[in-house]
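Participant: Quick one: the structure is below, questions incoming.
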Amino acid sequence: MSAVRRVLCLADGQKPVALAFLEELTTELDARGLEVTAQTTLRTLEREGLPDRRPDLVLVLGGDGAMLGAVRAFHEDPVPILGINFGYLGFLAGTPSSCAFEVLEGVLSGEAQPELRMRLVAEFDSGAMAVALNDVVLQRALHQGLLTSSLSVGDEWVTNLRGDGVIVATPSGSTAYSLAAGGPVVEPQMRCFVVTPLAAQGLANRPIVLDADAELVLEVVESAGISTLVVDGQGYFPLKPKARVRIRRHPVPYPLFSMPDLDPYRRLRERLGWSAVMPGMASEGSSSAARVDDGGAREGCY
């Protein structure tokens, strides 16, 4: 990553704690002689467009939704993003505010390297395209009956899915909507697609993990109305019956910074409420008991 000179700070304006931290953050960046732009809503980017001068780094103070909005804003020319978590789960915005300045120091010094997160691109019959970091969701209309969709991999038909819809997720998106629908957790550095049915009528329909180099085709086989393809929960594309969407890996991954030296499984334990051992259940000298509250975090970060 080249030297950082221009920084764009995006804070969730609905969260007073994020706004307070924004003041502290911009003061620190100004003291370093950096060119800093601060905004308190992503809607400003959507309404007025991107800054005239491309930032070298984007700092997002919010949750995963704010991260997805920032990634969407810079999807054509990715700018590295560091997410400082002021949300709930924080899989994308994975740096706690208590560690923010320590992690930022590594980014600004050039020591930290971003994780390159796989994205996907969805192509419609019209030739229009949409890019997602987390997932695309083919879903039925709110008041229509069941949606029947077809899944193919390349020229090979896989199955028809009848239910509320289907999710196609990246590894980053495996801990989002797909996880809530019963999909597997996939390490974010992997390259694959996770296809997860939504409330499938057939009990045999189960999530499936597919090669990232494959082209997936979703077709609206039968629906009682207009179905929708939802892109990262923020872009909405209506689909008529017989419409097809081709999904493939985007050739350019998105660079995201995260807290270095953190046990990746600690993030899962904390975000998903996993517990290595129940209190009082571990025997004396058990190595697992010694690790329950450790997880590789550094003093002062949690």
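Participant: Of Gly83, Gly94, Gly90, Gly63, which residue is modelled with pLDDT of 95 or more and in contact with a Gly (Cβ under 7 Å, 6 or more places away or on another chain)?
Facilitator: Working: Gly94 fails: modelled with pLDDT of 95 or more; Gly90 fails: modelled with pLDDT of 95 or more; Gly63 fails: modelled with pLDDT of 95 or more.
So the residue among Gly83, Gly94, Gly90, Gly63 that is modelled with pLDDT of 95 or more and in contact with a Gly (Cβ under 7 Å, 6 or more places away or on another chain) is Gly83.
Participant: Return the pairs, sorted by first residue and then second, in which the second residue is outside any strand (DSSP E or B), the first residue lies in the range 237-256 and is of a type in the set (Gly, Ala, Ser), the beta carbons are less than 8 Å apart, and the residues are 6+ apart or on different chains.
Facilitator: Ala243/Asp125
Participant: Can you name every residue in the range 160-187 that is outside any loop (DSSP other than H, G, I, E, B), more than 23 Å from Pro264 (Cβ to Cβ) and not basic (Lys, Arg)?
Facilitator: Selection gives Asn160, Leu161, Gly163, Gly165, Val166, Val168.
Participant: Separate question: All but one of (1) over 26 Å from Leu179 (Cα atoms); (2) in contact with a Phe, Trp or Tyr (Cβ under 7 Å, 6 or more places away or on another chain) hold for Leu61; state the number of the condition that does not hold.
Facilitator: Of everything listed in (1) over 26 Å from Leu179 (Cα atoms); (2) in contact with a Phe, Trp or Tyr (Cβ under 7 Å, 6 or more places away or on another chain), Leu61 misses just condition (1).
Participant: Among the residues of the range 129-143, count how many are touching a residue at least 12 places away in the same chain (Cβ under 8 Å) and under 19 Å from Val71 (Cα atoms).
Facilitator: 8
Participant: Any residue in the range 108-121 that's of a type in the set (S, T, N, Q): show its pairings with residues that are at pLDDT below 95 and outside any strand (DSSP E or B) at Cβ separation under 9 Å, as long as the two are six or more apart or on different chains.
Facilitator: Gln113/Met1; Gln113/Pro260
Participant: Further, regarding this structure: In the range 141-154, what residues are part of a loop (DSSP other than H, G, I, E, B) and at pLDDT 95 or above? Can you show your working first?
Facilitator: Within the range 141-154, the subset part of a loop (DSSP other than H, G, I, E, B) is 141-146, 154.
Within the range 141-154, just Gly154 meets the criteria.
Participant: Among the residues of the range 3-54, which ones are among the β-branched types (Val, Ile, Thr) and either touching a Leu at 6+ places or on another chain (Cβ under 7 Å) or assigned to a loop (DSSP other than H, G, I, E, B) (or both)? Spell out the reasoning first.
Facilitator: Taking the range 3-54 as the starting set, the residues that turn out to be among the β-branched types (Val, Ile, Thr) are 4, 7, 17, 26-27, 36-37, 40-41, 44.
Correct list: Val4, Val7, Val36, Thr37, Thr40, Thr41.
Participant: Which ones in the range 238-261 are touching a Ser or Thr at 6+ places or on another chain (Cβ under 6 Å) and surrounded by 19 or more Cβ atoms within 10 Å (Cβ to Cβ)?
Facilitator: Leu239, Met259
Participant: Can you name every residue in the range 82-129 that is part of a strand (DSSP E or B) and buried (at least 21 other Cβ atoms within 10 Å of the Cβ)? Give the derivation first.
Facilitator: To start, the set of residues in the range 82-129 that are part of a strand (DSSP E or B) comprises 82-85, 95-96, 115-117, 120-124, 129.
Correct list: Leu82, Gly83, Ile84, Asn85, Thr95, Arg117, Leu120, Ala122.
The values are calculated or read from the model by the stated rules, or taken from the named source; none is laboratory data. Everything numeric in this text was worked out from a predicted model, so none of it was measured. When we count neighbours, we look across all protein chains shown, and the Cβ atoms used for this are built from the backbone with ideal geometry, even at glycine.
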